[in-house]
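These notes concern the structure reproduced below.
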Amino acid sequence: MTFRIDCHVKVLDDRVVERAKRANLDAIVYAPHFTRLPEIRERAAAYSDEELLVLPGREVFTGSWRNRKHVLAIGLEEPVPDFIPLEAAMAEFDRQDAAVVVPHPEFANVSLSETDLRTYAETVDAVEIFNPRHLPTNNCRARKLTAGLSLPPFASSYAHMPRSVGVAHTGFDVALENEAEIVTALADGIGRRVVYDNGLERWRTTAMELGHFAYENTWKKVDRLFLSGTEPTHPHHIAYDGRFDDVAVY
């Protein structure tokens, strides 16, 4: 493999960069929740250096809190908010020629279904077939689904905690130098392999990440829904200049 990338990381600090370099990664995609694209891009640039490229990504929460589907876009030039219909988000990604990748398909109630993947097969560039937050049954389902639809795969650590970074990654068979080349490689289905640790360290990571998942969906969710006010990525936020007001779902 010529180029190794962890395609989905939620956290970014010195520990993340150190761990990514220790895992011999060439790049990571930084895509935190509920953070606007300019802030993501600025932080990604601050942590990039000659050894590790940090790419900005946006995992958009389409739909409402009760019926949400996550889609990860890499290579966006203009911000796209959360809480808009899936079809509106896909149309915007397509307009901007972003790479559209699907994290954790059919996982819990936050993912694209097989029907969604069939509907948007022409827009989706890759589907995640492994991340350590998944149990083996989830990853097996994702692999079968991706193969059955003949969509390119990818793997990521889906790291919500620094020590998870690098547990899984995607290796491309070509040298890639920058964001544009990575977006093209994803969009053009360039040959790649998914690589992951399935031993003891993987299970430690799974336990830790599932614990964080429980926290996200209990106290942290209550805080977001009732205590923190409007999300900075809400479509009615002033940053979006009213462009998405007519498709906001709440």
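The values are calculated or read from the model by the stated rules, or taken from the named source; none is laboratory data. Everything numeric in this text was worked out from a predicted model, so none of it was measured. Positions of Cβ are generated from backbone atoms using ideal geometry, with glycine treated the same way; all protein chains shown enter the neighbour counts. Side chains are part of the model used for accessible areas, which takes the heavy atoms of the whole protein and leaves out ligands, DNA and RNA. Shrake-Rupley method; radii C 1.70, N 1.55, O 1.52, S 1.80 Å.
Here are the numbers:
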read-out	value
Region 26-135: GluC sites (Glu not before Pro) falling in loop per DSSP and having at most 14 other Cβ within 10 Å	Glu50, Glu51, Glu77, Glu122
Heavy-atom accessible area per residue - the chain, 1.4 Å, Å²	44
Kirkwood-type radius of region 61-122, with distances r between different C-alpha atoms, in Å	11.7
Number of Lys pairs (Cα under 24 Å; 8 or more positions apart or on different chains) in the chain	7
Tail fraction, Cα-Cα pairs, region 3-226, threshold 26 Å, whole percent	29
Amide H partners (placed H, <5 Å) of Phe83, local residues excluded	Phe61, Thr62, Gly63
For region 1-82, projected area of the alpha-carbon convex hull averaged over all directions, nm²	5.9
Amide H contacts of Leu55 (H built 1.01 Å from N, under 5 Å, at least 5 apart or other chain)	Ile28, Val29, Tyr30
Accessible surface of region 3-226, 1.4 Å probe, proportion on carbon and sulfur as whole %	50
Cβ-based charge dipole, the chain, positive-most Cα from Val16, Thr184, Val124	Val16
Magnitude of the charge dipole, the chain, Cβ model with Lys/Arg +1 and Asp/Glu -1, debye to 20	1200
